[in-house]
Each structure stands twice: as C-alpha cells, then as structure tokens.
Amino acid sequence: MACLLARQPQPAGDGSWQSELTSHKLSHTSIWAYLTQGLSLLGNLCGLAAIIKEVGSALSQDLTFQERVLDLANLVLVCMAGPEAQHSMAAAVDPERDQECLDRAAMVPAALNAVLYTFQPAATMTDMDLHPLCVDLLKLGASPIFLDAVYDATAVVVYMVRSAVVAGNKALDVYLLAYHAGVTMQLLAELTATPLLFYRLAVQEKPFAAPLRLIAAGLELHSTPLAPPPYKHDGGNCIPITPGTDVHSTAAAQGATELLAARAMALMLCCSDYEATGFLDEAAGRLATAELLDECVDHALDHAGLALKRPKVADLPIEFTGEGQMQLNSLHVAEVLSDDSNFRQRAMDKLAGPLAHVLLLTPQDFASAWLAGQEAFNLHSRDTVNDSTYLLLSSLAVQSLRKANIIKALALNLNLARPEKPPGSFKHTLALEAVERCITLFMALGNLHWFTAATCPPELKDYFANLLVEQIKQQSPGQSPKQVLQGVLANLQSLYQHNQLIFQAAQQHVPQDANLVLSQDELKLGERLILHLRSVHSSLPDS
C-alpha cells in the first residue's frame, strides 16, 4: 500500500505490475491485519523522511501525496465508523473472531498515525509540532471528513470494548482492544488541545459534535449493566460491592474501561478549558448537539457522585490501573459544570447528596481523603501502567498543564500534602493528585453556592445550601441537626484553611501564575458557604 501511494518503485511499462504486486490470497480475517500493516508501513515510511533527507524532500513537498494519504485514511476511518461498525461490534462478542476484532480496532490508530507522520515527518510523535501540522491538514478539502471520521471510528472501538465486557468474551484480550482506543484518544486529545483545530471544531455546522460522540462513548462504558469500581448495579442504584463475594463487572478488562472513561473526561476537560470559545455554550445552544451534551453531563455527574462516596481503600482496595484517574477527572468535570450557567442547577441536584456524605465524615477521615492525606495518596497508588510509567490523564490545554506543574512543584515541598507514609516513586505526581482533590472539592462547593442577581435566576439563591442542609439531615437520622451541622462546619473550615495555605504558597512562589491554582475570589466563594451554614446553624434549636 505504501509503495502504491508513493508510486515507488516505478518500473518501465504500462503499470500492469500493480495487479501482480502480490499473489497472496487475502482471507476474510486477515484483510484487516494487512490494512493495518500497510498503514503502519506508510507511517514508518513518512517517519523516515525526518531522518533521510532524500525521502523527506520527496514526500514533504508533494501535496498530491498528502492528499492521497488523507483520502486513504478517510476511507478506512469512514468504513470503520459506518458500514463496518456493526460487523466490528459483532466481532467483539464472538470468541471465534477475537483476532479479527483486534485487527479491525488496530486500523484506527494506524490510520491516524499515517496522517500525522505524512503531514509532519518526525522521528517520534513527541518530536512533532502539531500547530503547523494542523495548518497543512486543514488546508485540504477532505479535512472536515477526517475530523468527523477519526473521532467516530475511535468511538466504535470504545463501544467494541463495552460490548466485549458485557458479553464476557474471555477469548478476547480486552485490555489490548482498549489499548487501540486509548492510544488514539491520547493523540486526539493532543490534537484537540491545538488551538487551530479546536477552533475549527467550534465553527463546524454541528460544533464539537464529533468529540462529543467520542466522549459519550467513553462515559457510557459504565452504564447498566456495568458499574464503575468499586460499585455494582442493584435495583437501578449503584452500591459498593461485597468484598470476597462480588467480582466487579469490568474486572475482565483489568482497568481498561476505567482508563478509557478517564480519557473521555480528559477530552471533555480539554474542550472546556478554552473559555473564550465556549464549548459548553456552543454545544448546549445547538439542537444537533444539546441532547448529546446532556447525556455526557449526566454520566459525568453520576461518576462524580460515586467518586465522592467511594468507601475507604482499606475496605475496598483499588484493584486496577485507572480507577483513581477516572475518579479525579470526574471531580474536575463536576467542578467545571458547577461553574457553568447551563448545568449548575443540575450539578446542585445531583451532587448535594454525595457532597453531604463527604462533609459528614469524621474529621480524621475527612482530612485523610480530602486534605491531601494518606487516603488521597492511597486512591491514586495504582495509577501506573505495566512498565511502571505514571499516568496523568487530564486536560492537555496549555493553562491546565501549567497549573498541574505548579501544584506538583509546590505540593510536597511546602507540606501541602501530608501522607502518613511518604510514598516512594511518583511522590510528586501523587502529591499533585492529592492536592488537586482538595482544591477541586473546595471550588465545587463554592461555585454551587455562588449567586449573583445579575446572571442567576432568583430561585437559585441559597438553593444549593438548602439542598445540602436537607441532605445532611436525611443522612444523619436520630441525631441532633445542630450538632451534626457543627461537625460539617468544622470539616468545611478545615477545607478552607488548607486551601488558604495553597493560595498563600502560590502567591509567594509563583505570583505571576498564582490565579491558575486558586484565586482570592474563589477563596471568598467557599467562605460565603461557610458563613451561610453558620447562620443556619445558629437558627437551629439546641435539642
């Protein structure tokens, strides 16, 4: 395939040699492997252009060659997303077609790699500068087809993973199947974080529809009958599994489903980080995408609610890579939605109960889980892959990366993270995640209580605080409401003080970027919730 596209070698004659390029008979199950191998060979050929000058000058200057590669990738991706989707799904649940299933899935990252290396030959993917790549890619007329097809084809692979897990296909290596989806989602996240491509997605007829379809696929991985660990479905609700008797519904995937869900939420965060473009506003304001966005928001808030109520790691250990990343990203998405006018009330309704559960913890358990203590470290101790590389699957937008680097630098060095047992490897990244949990919880609480008459409907004034108090009462039956609320206020005050320490550390050590971590206004929002709950507390009878 690479030779045909490059029109090399070029023997004398009328071109009849093309039909005799191979005499190997292609079988139904092997054709997908050959397509993947051809696409990989093509990507490798273009990768050589970065090393061998003659190859580079021949390929990089040839616009026709780039067009032909893009057309080929579009053909493969459109077929995978459309006509072949049902056959791919069927292969995922058939134990007799496990290799065909993997070969079909492998075509998607191979096609994307071929395009990337063609438009910017490089020795490795990390050497690529994606902005000029996107400039050249988006000049071509076939690029809109590519932008839709590559997200949709990846979504098909994600749905294949879900189908295989639900069917209990033990003959299939589900983790390897999910790897093909995961590596493609990582590349797409990097492309989506490129401003030029992001803005192109924003001005399409259906803004962000293709990324939303992929996000929805990732968030549906744990819908009924599956459940995010460590939960199981019971009568329409998710309840913690029983240790020693229950096997988690996605255990066969060895954490792959959780990693894919984390990647889907990271992509959602990446889109949301470009505030000037208004991803949530654009998608919510268009009939073609509003329903899809609603579905994504509901799934993300459900994930966040379960993350807030997760039992202690000592009671239900984290079994596989990915659970900690999935939970952390769900909390980040919830914090974004808590500050968005389109979804604040929905976030209030869905999160008031789980947040009340968090605030009702004992002071020791609250500090351990939410003030960067030992439990926060334990929740992320399995966020590694087979080669012991640490995974941080979060937004790749520039400001988010800068914020993460600042928190990582401050966390352990300034005693902002306080594990009882100092971790060994990855200690700075574990501290980053522990501190992020603390900041995210604080900001979500402040955002949900925030009210201004200029932009908020009057019925939202104190709406969240009232919901929270009601949930606190419901979850502590038979106890004095005043005493219970006193304990809640103590936890909130501890949360405020810890975030104040983070704010002061950022102001002292990185004053120019301190607001990326936490701002004075965000501190005041949390303080307002505390003051309101104190007034509620003082109005309650002593009995």
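Considering only region 144-168, how many residues are open to solvent by less than 10 Å² (accessible area, probe 1.4 Å) and farther than 30 Å from L401 by Cα?
Qualifying residue count, region 144-168: 2.
Can you name the number of the only condition in (1) modelled with pLDDT under 90; (2) touching a helix residue (DSSP H, G or I) at 6+ places or on another chain (Cβ under 9 Å) that T455 fails?
The one condition T455 does not meet is (2).
Does Y151 satisfy the condition of being part of a helix (DSSP H, G or I), among the hydroxyl-bearing types (S, T, Y) and closer than 25 Å to S249 by Cα?
Here the answer is no, as Y151 does not meet what is asked.
Pairs please, first residue from region 391-407 and within 18 Å of A506 (Cα to Cα), second anywhere and among the small types (G, A, S) and surrounded by 15 or more Cβ atoms within 10 Å (Cβ to Cβ), Cβ atoms under 7 Å, 6+ apart in sequence or on different chains.
S400/S394; A404/S394; I406/A506
Go over the candidates L430, L416, L518 one by one and state the one that is of a type in the set (A, V, I, L, M, F, W, C) and at pLDDT 90 or above.
L518
What is the one condition in (1) within 20 Å of the chain's Cα centre (by Cα); (2) open to solvent by 10 Å² or more (accessible area, probe 1.4 Å) that G235 does not satisfy?
For G235, the failing item is (1).
Could you grab the pairs with beta carbons closer than 6 Å, sequence gap of 6+ or different chains, first residue in region 333-348 and under 11 Å from L280 (Cα atoms) and of a type in the set (A, V, I, L, M, F, W, C), second one open to solvent by less than 10 Å² (accessible area, probe 1.4 Å) and in a helix (DSSP H, G or I)?
Matching pairs, first to second residue: L337/A347; F343/V297; F343/L337.
Mind checking which residues of region 373-407 are closer than 15 Å to L331 by Cα and at pLDDT 90 or above?
A376, L379
Suppose we filter L221, L259, L212 for residues that are among the aliphatic types (A, V, I, L, M), modelled with pLDDT of 90 or more, assigned to a helix (DSSP H, G or I) and open to solvent by 10 Å² or more (accessible area, probe 1.4 Å); which single one remains? Write out each step before concluding.
Details: L221 fails: open to solvent by 10 Å² or more (accessible area, probe 1.4 Å); L212 fails: open to solvent by 10 Å² or more (accessible area, probe 1.4 Å).
Going through L221, L259, L212 in turn, just one is among the aliphatic types (A, V, I, L, M), modelled with pLDDT of 90 or more, assigned to a helix (DSSP H, G or I) and open to solvent by 10 Å² or more (accessible area, probe 1.4 Å): L259.
When you scan region 449-543 for helices (runs of 4 or more DSSP H) that lie fully inside it, which ones turn up with 2 or more residues that are among the acidic types (D, E) and open to solvent by less than 80 Å² (accessible area, probe 1.4 Å)?
Fully inside region 449-543 and qualifying: 520-539.
Which pairs do you get when a residue that is closer than 30 Å to L172 by Cβ, found in region 252-276, comes within reach of a residue that is of a type in the set (V, I, T) and open to solvent by 20 Å² or more (accessible area, probe 1.4 Å), reach meaning Cβ atoms under 9 angstrom, with the pair 6+ apart or on two chains?
Cβ pairs passing all conditions: Q254/T321; G255/T321; A256/T321; E258/T321; L259/T321; L259/V385; M268/V336.
Out of everything in region 171-209 that is closer than 18 Å to L280 by Cβ and among the polar types (S, T, N, Q), what residue ends up being surrounded by the fewest Cβ atoms within 10 Å (Cβ to Cβ)?
In this case the residue turns out to be Q204.
Would you kindly identify the helices (runs of 4 or more DSSP H) lying entirely within region 67-143 that contain at least 1 residues that are over 26 Å from the mean Cα position of the chain (by Cα) and surrounded by 21 or more Cβ atoms within 10 Å (Cβ to Cβ)?
Per the criteria, 85-93, 98-119.
The values are calculated or read from the model by the stated rules, or taken from the named source; none is laboratory data. As the structure is a computational prediction, the values presented were derived from the model and not from experiment. FYI the Cβ positions are ideal-geometry reconstructions off the backbone, even for glycines, and counts take in every protein chain you see. With ligands, DNA and RNA removed, areas are computed over all heavy atoms of the protein, side chains included. Shrake-Rupley method; radii C 1.70, N 1.55, O 1.52, S 1.80 Å.
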